[in-house]
Amino acid sequence: MALVTALRRLAHVRLREYSWRTAAVTSSAGAWLTGQRSFTTGTQSLRSDNKVTVHFINRDGEKVTAKGSPGDSLLDIVINEDLDFDGFGACEGTLACSTCHLIFDEDVYKTLGPVTDEEMDMLDLAYGLTDTSRLGCQICLTKSLEGLVARVPESVADIRQSKDGSS
């Protein structure tokens, strides 16, 4: 399982690097072909300034702070920042399990947007379901979510596993 998690993280990092490189090459080539001048503006520093801070309360009650880019899901942050929440995000965000179940304060929950029928179906299978539960793979960051606090439930229920614990 540790190997699978490590490979999944590597794949996410490589895909992000590829998309940024492709965008940079396309931008440079487009400027060259049209005769436009291109100036470097420090894209890396702009990307880091554009981060959104999220606080997770893990199963031990410890507060873990991480940052993500607008558009990243809460599951992306857990994976990209290598946060150690055992069993979290087992289906890698395909909406096929409830292992990225998170609990929010009511005022925050109301700002997260609508819940789809598919997400509701998965939430019905989540351990420790509350009225303010959501799946982390379905919550995408915006600047308005700066300082968001999400609580990780005490346990996860992975519907993909059989009763004897095997996959």
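Rule-based calculations on the coordinates, nothing more; no lab input. Here the structure is a predicted model, which is why all the values come from computation and not from measurement. Counting neighbours? That spans all protein chains shown, and the Cβs are built from the backbone with ideal geometry, glycine included.
Some notes on this structure:
- Net charge of neighbours whose Cβ lies under 14 Å from the Cβ of Thr132, counting Lys and Arg as +1 and Asp and Glu as -1: -2
- Cα shape, the range 65-133, gyration tensor, a/c 1.5 rule: oblate
- Both numbers refer to the Cα atoms of the range 47-104; Rg and Dmax are 11.6, 33 Å.
- Extension reserve of the Asp86-Thr116 stretch, reckoned as 0.36 nm per residue once the Cα distance is removed: 8.2 nm
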